[in-house]
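Undergrad: Can you read through this structure? Questions will come right after.
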Amino acid sequence: MSVDVNEDISESTGTGRPDFDVVVVGAGMAGLYLLYRLRHLGLSAVALEAADDVGGTWYWNRYPGARCDIQSIDYSYSFDPELESEWEWSEKYATQPEILRYLQFVADKHDLRRDIRFSTRVGAAKWDDASSMWRVRTDAGAEVTCRHYVMATGCLSMPKGPEIRGAERFAGPVYFTSRWPHDGVDFTGLRVGVIGTGSSGIQSIPIIASQASELTVFQRTPNFSMPAGNGPIPEQKLAAIAADPEAYRREARLSGAGVPMPKPTVGALQVSEAERLEAFERVWRQGELLAVNSEFNDLSIRREANDTFAEFIRNKIRSTVHDRETAETLCPTDHPVGSKRPCLDTNYYETFNLPHVRLVDLRKDPISTITETGIDTSNESFEFDVIVYATGFDAMTGALVAVDIEGRDGVTLKDKWAAGPRTYLGLTTVGFPNFFMVTGPGSPSVLSNMVVSIEQHVDWITDCVSDLRDRGYTTIEPTETAEAGWVQHVNDCADITLFPSANSWYMGANVPGKPRVFLPYVGGVGPYRITCDRVVDEGYLGFRLAGDAGTQCHDGVVNRLQPDVAMLLQTLAELGLPPLESLPVPEARAFNEAISAQRPPGPEVGDVADGTLPGAEGELNYRIYRPATPGPHPIVVYFHGGGWVLGSHVSDEPLCRDLCVRSGALIVSVDYRHGPETRFPAAANDAIAAVYWVAANAESLGGAPGGLAVAGWSAGGNLAAVACQQARWAGEPEIVGQLLIAPATDGASEWPSMAENAEGYALTASLMDWFWNNYADPADRSDAKASPLRAESLAGLPRAAIFTCEFDPLRDEGDAYAAALVAAGVDVEHVQCRGHIHTSLHAVDVIISGAPLRARMAAAIQGFFRSPNAT
Ligand code: FAD
Ligand code: NAP
């Protein structure tokens, strides 16, 4: 259908039916593919585009040196296999004119222009609830109606103002990289000032320098940049695609960032310095932004690892730029590599060796005003013929909220997002039915090869619209629960990375007044795709559908596990390990030890020493972890986990070290006898004996006088709780606090969490069953020494910090113990660890999202010793 949207067509047709199934805003890479797909699904559509041609980013950003920085062969559509043989990229990183020609070629090949209205800017869109359609209004005042409304307006399409005093005063020509004149700019013989050193500045500066008589670059924040090494498309890449094009594209779709890359297996600090530097050199020579993520798996999550790469790049800058002060000014030091979008360049750093090029450090000498003839900084006046702004974009949300989009009940998108965007999957948002965003906030978008992300979103949206039509649904809208869960998940993912530590446009920090929220989704292109597909497979989980077919709502949250926990479980599932309970006990123990040997060791402590102490019936081993600070220290007696069957005084070493360092307490990790060789109550009796002995010998161990605390994880949490009860009944020794981490407290009944989390979360119901069977006879399990929850009275027990995990079979019994202690008048800090599993809190340096929880445990330990015992 072809409609002139410059006329008020809905009034003219007056049918009560929308003019189009879908209105698309934007005719960049996303808008073009949307039109193609919608047409093939038999849906009527029009695209409204502010520019006078297709191309989006590649239409507007025509500055000298503009190129892609994902290899062209990857940065191209995959939906049309024919296109891959029809179009040949001339180099590894194609120029803007070549990419624009490519998009024009696609538009022509598929005759897409006939459904695009150019030079048409959308100013407003309003949801009409009565007719279940959107009324979309152009700046020229025309209205078009549609059932579904898709913003394909781009993440980096709304240029950011210069926000510099006096900007309007300059009398000479002013250019923005993001709105470059179509007939180009000749800088020959001109004095040029460039403001901004992001990707656009870094690409254009060397070319402007090659023409200008004088070039002054005003830098606020230096960026990390690597040489692009542009040239012919690498043979290896061509061969990989030629071997199996479909497999290559599939790998891209399931990869982390939309480009097939080997997965790294080591961290940067797990190899020698020589190996690390060799890897960084490889990356530097390769000229590919994502290459470093194939070498090491911890650069975006561990600051110390990241620092090694940052210093490598700084050394490259120092060895390239001759003037020492200029080199240091170009060295980024205020953010981790990758936390702001890194750049690829051609001779960027070398440009500063040219005699007519100068760098001004705005951190030391900020701009005070732009004048009629140039730029004044606090120390100097500069005269220019031309000023170039490479100052970037109001990214990800700018183009969306620039349109006055009004959803249900008169709420606008701008108002809804005043504190930061809230979306479900980065595709939809509550209160805006039938409204979709391509690469919206909360999706991988700008953290990926965007073509791959665009195609995935377009496929999802168009499949959804056609599915609704086929099944008789008129509207789709996400639920509050689903959206809140997704926002939480997006933040959980960001929080385990270094991204939030930088003042980047990813965080909205480049636009004054914009809320500081991490905008894209860092969970990876492949996992994200799987999530989106799962939402559909689970009956549009988290969406409400309505129409002639009735209403449907399968409400829920799609990703509830902490992201690193999900990754760990995925890795474990891929390893296909045998269930521990299927092994004879000695083999299960050996297996458990072998796995433990491979984990990170935990932080350095002041001192580690081993010894033995008298248990209930013989010697027990212990290991003591002393803080590096001068003693005496508060003492914590710690009991390891392992279901009373596995483990030893050293098996929870990383956690003991972590608690020691964080709390400043001395941790004595004590062994005890295990089942099935010595069954209940041997372990409990040993635990009690150990507490007595440590209390009696506190001073010689380096402990501070005045009571000790107990702690334990899992079965160790059970023993710690039991020891507190026994000490209270005996009247000694003095225990000032109990830290119970995912404790087993009740072996005599089955709690709902046991069935809910029976499988798939590391500790299974059947393993727990095996543990209990090896430890205690069913008849003994209601004894308080086995099940502390069963004690007749919990009054007078020491204050407690109890950490329970959402996806743990033991969750409910831990929660019940906390509640019972509170009911008995005990001072309890009860922390319910959202998205965690039984083994999360114990996995130091593996489950990063557990770190803040371990910090709370340490604070609880400190609290035990600060305030008086609750007894
Ligand atoms: P866009 O290309 O931004 O198109 C959006 C279109 O919507 C524009 O044409 C705009 O005019 C139109 N529009 C917006 N608002 C309205 C309105 N209200 N009414 C009508 N029309 C409107 N990504 C990579 O993955 N690799 C790269 O190498 C890469 N290089 C880049 C280089 C530059 C200089 C920039 C700025 C971005 C780069 N990107 C890169 C990101 C790039 O934006 C995406 O890869 C991709 O081109 C986005 O396509 P899109 O169709 O989603 O949005
Ligand atoms: P950008 O990365 O946001 O860089 C803008 C630069 O301008 C920054 O150095 C910024 O400094 C500076 N700046 C902004 N306002 C300023 C002010 N008032 N005074 C002084 N300096 C100011 O923008 P961009 O370079 O256009 O790139 C945006 C994104 O587009 C990139 O990150 C990338 O995703 C994409 N892109 C890709 C390519 C490519 O190679 N394919 C090329 C261009 C763009 P601060 O850092 O201090 O804010």
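Throughout, read-outs are computed from the coordinates displayed, never taken from laboratory work. Computed from a prediction, not measured in an experiment: that's the story for all the values here. Positions of Cβ are backbone-derived with ideal geometry, glycine not excepted, and every protein chain shown enters the neighbour counts.
Undergrad: If the reach is capped at under 20 angstrom between alpha carbons, list the lysines near LYS316, excluding any in the same chain fewer than eight residues apart.
TA: Within reach: LYS340.
Undergrad: Between rounded, prolate and oblate, where does the range 207-333 land on the alpha carbon gyration tensor, with a ≥ b ≥ c its root eigenvalues, rounded for a/c under 1.5, else prolate if a/b exceeds b/c?
TA: Because a/c hits 1.5 or more and a/b fails to exceed b/c, the range 207-333 counts as oblate.
Undergrad: Counting only other residues whose beta carbon sits under 13 Å from that of SER178, what net charge do I get with K and R as +1, D and E as -1?
TA: Summing Lys and Arg as +1 and Asp and Glu as -1 gives +2.
Undergrad: While we're on this one: Rounded to the nearest 0.05, what FRET efficiency is calculated for LEU362 and ARG121 with R0 set to 30 Å and r the Cβ-Cβ distance?
TA: Plugging the Cβ-Cβ distance into 1/(1 + (r/R0)^6) gives 0.35.
Undergrad: To continue, here is another question. In whole Å, what are the extents of the chain along the principal axes defined by its C-alpha atoms, from largest to smallest?
TA: 91, 72, 53
Undergrad: Here is a follow-up. Compute the distance in nm between two label points, each set 7 Å from the Cα along the Cα-to-Cβ direction, one at ASP128 and one at ASN697.
TA: Result for the modelled spin labels: 8.4 nm.
Undergrad: Taking 7 Å along the Cα-to-C-beta vector as the label spot, tell me the HIS322-SER749 distance in nanometres, rounded to one decimal.
TA: 8.2
Undergrad: In addition: Local charge sum around SER255 (other residues, Cβ-Cβ under 11 Å, Lys/Arg +1, Asp/Glu -1)?
TA: Residues close to SER255 contribute a combined charge of +3.
Undergrad: Any idea what the dipole of the chain comes to, in debye rounded to 20, about its Cα centre with Lys/Arg Cβ at +1 and Asp/Glu Cβ at -1?
TA: Dipole of the chain, to the nearest 20 debye: 1240 debye.
Undergrad: A further question on this structure: Starting from the Cα gyration tensor of the range 378-496, take the square roots of the eigenvalues, sort them a ≥ b ≥ c, and report rounded, prolate or oblate (rounded when a/c is under 1.5, otherwise prolate if a/b is larger than b/c, else oblate).
TA: It comes out prolate by the Cα gyration axes.
Undergrad: Still on this model: List the pair-distance distribution P(r) of the range 692-825, using every Cα-Cα distance, as the percent of pairs falling in each 5 Å bin from 0 up to the bin containing the longest distance, rounded to whole percents.
TA: Whole-percent P(r) values from 0 Å outward: 2, 11, 20, 23, 18, 12, 8, 5, 2, 0.
Undergrad: Right, here's the next one. For the range 491-563, what does the alpha-carbon gyration tensor say about shape, rounded, prolate or oblate, given a ≥ b ≥ c as the root eigenvalues, a/c under 1.5 as rounded, and a/b over b/c as prolate?
TA: In terms of gyration-tensor shape, prolate.
Undergrad: Where both residues lie in the chain, what percent of DSSP beta bridges are antiparallel, nearest 5?
TA: About 40 percent, rounded to the nearest 5.
Undergrad: Count neighbours as other Cβ atoms within 10 Å of each site's Cβ, and list the GluC sites (Glu not before Pro) in the range 335-402 that are DSSP loop with at most 13 such neighbours.
TA: Passing sites in the range 335-402 are GLU372, GLU380.
Undergrad: For the range 716-852, what is the charge dipole size about the Cα centre, in debye to the nearest 20, if Lys and Arg each add +1 at the Cβ and Asp and Glu each add -1 at the Cβ?
TA: 240
Undergrad: Below 20 Å, Cα to Cα, which lysines can LYS126 reach? Residues fewer than 8 away in the same chain don't count.
TA: Partners found: LYS414, LYS416.
Undergrad: Also: Just to verify a number: FRET efficiency for GLU304 and ASP80, C-beta to C-beta distance, R0 = 56 Å, to 0.05?
TA: 0.80
Undergrad: So if I place +1 on the C-beta of Lys and Arg and -1 on the C-beta of Asp and Glu, and nothing else carries charge, what would the dipole magnitude of the range 47-184 be about its Cα centre? I want it in debye, nearest 20.
TA: 720
Undergrad: Turning to a different aspect of this structure: Multiplying the sequence separation of GLU734 and ASP244 by 0.36 nm and subtracting their Cα-Cα distance, what value in nm do you get?
TA: 169.4 nm
Undergrad: For the chain, with the dipole built from +1 on Lys and Arg beta-carbon atoms and -1 on Asp and Glu ones, taken about the Cα centre, which of HIS40, ALA786, VAL271 lies farthest toward the positive end?
TA: With unit charges placed on the Cβ atoms, the residue in question is VAL271.
Undergrad: Moving on. Do any GluC sites (Glu not before Pro) in the range 532-598 lie in a DSSP loop with no more than 16 other beta carbon atoms within 10 Å, and if so, which?
TA: Those satisfying the criteria are GLU538.
Undergrad: Taking 8 Å as the Cα distance limit and 6 or more residues as the minimum spacing, I'd like the relative contact order of the chain as a percentage.
TA: This gives 10 percent for the chain.
Undergrad: Calculate the spin-label point distance for ALA509 paired with ALA594, positioning each point 7 Å from the Cα along the beta-carbon direction, and give it in nanometres.
TA: 4.6
Undergrad: A further question on this structure: Could you tell me the distance between the Cα centroids of the range 37-78 and the range 733-785, to the nearest Å?
TA: Value for the Cα centre distance between the two parts: 58 Å.
Undergrad: Also: Under a straight-distance cross-link criterion of Cα-Cα below 14 Å, which aspartates and glutamates are reachable from LYS92, leaving out those fewer than 8 residues away in the same chain?
TA: ASP69, ASP74, GLU235, GLU288, ASP345
Undergrad: Go through HIS640, LEU659, PRO601 and say which Cα lies farthest out towards the positive end of the charge dipole of the range 543-660; charges sit on Cβ, +1 for Lys and Arg, -1 for Asp and Glu.
TA: Looking along the dipole axis, the top candidate is LEU659.
Undergrad: For the chain, with the dipole built from +1 on Lys and Arg beta-carbon atoms and -1 on Asp and Glu ones, taken about the Cα centre, which of GLN236, PRO809, LEU447 lies farthest toward the positive end?
TA: Farthest towards the positive end: LEU447.
Undergrad: Looking at the range 45-136, which trypsin sites (Lys or Arg not before Pro) are in a loop (DSSP not H, G, I, E or B) and have at most 14 other Cβ atoms within 10 Å?
TA: Listed in order of number, the matching sites are ARG121.
Undergrad: Distance between Cα centroids, the range 573-610 to the range 160-227: provide it in whole Å.
TA: Cα centroid of the range 573-610 versus Cα centroid of the range 160-227: 57 Å apart.
Undergrad: Report the calculated FRET efficiency for ARG179 and ALA573 (r = Cβ-Cβ distance, R0 = 45 Å), to the nearest 0.05.
TA: 0.35
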